[in-house]
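> Here's a structure for you.
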Amino acid sequence: MTVNSENEIFLQVRAAMVDLFELDETKVTLDAHLFDDLSLDSIDAVDLIVRLKNETGMKVRPDEFKSVRTVADVVKTVKSLLPEDNA
């Protein structure tokens, strides 16, 4: 899947989170804190990384997600990992 904009990345991340964690789509906003607002834990974060890796084909190392706290952080990290011709 080719992803071009931050909005497209957000929509993909939100869809993955709703599917994986059975979250209410309206709660998955850019400002939502993964741990406090969405009640995710470190295992959930790994599941999300694996899902995004499978969907985008990007190479993800867990340490690249260490500073991720919000959905917006996930979007920015995914965008930074995409090949330049897709970013």
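> If you go through segment 33-64, how many residues are more than 12 Å from Ala16 (Cβ to Cβ), assigned to a helix (DSSP H, G or I) and modelled with pLDDT under 80?
Count: 3.
> Just need a number here: residues in segment 1-32 that are surrounded by 12 or more Cβ atoms within 10 Å (Cβ to Cβ) and either part of a helix (DSSP H, G or I) or not polar (S, T, N, Q) (or both).
Residues that pass the stated criteria total 20.
> Considering only residues that are farther than 15 Å from Arg14 by Cβ and surrounded by 13 or more Cβ atoms within 10 Å (Cβ to Cβ), which ones fall in segment 51-67?
If the condition is that a residue be farther than 15 Å from Arg14 by Cβ and surrounded by 13 or more Cβ atoms within 10 Å (Cβ to Cβ), then Lys53, Met58, Val60, Glu64, Phe65 are the ones that fit.
The values are calculated or read from the model by the stated rules, or taken from the named source; none is laboratory data. Bear in mind the structure is a predicted one, so any value in this text is a computation, not a measurement. Positions of Cβ are backbone-derived with ideal geometry, glycine not excepted, and every protein chain shown enters the neighbour counts.
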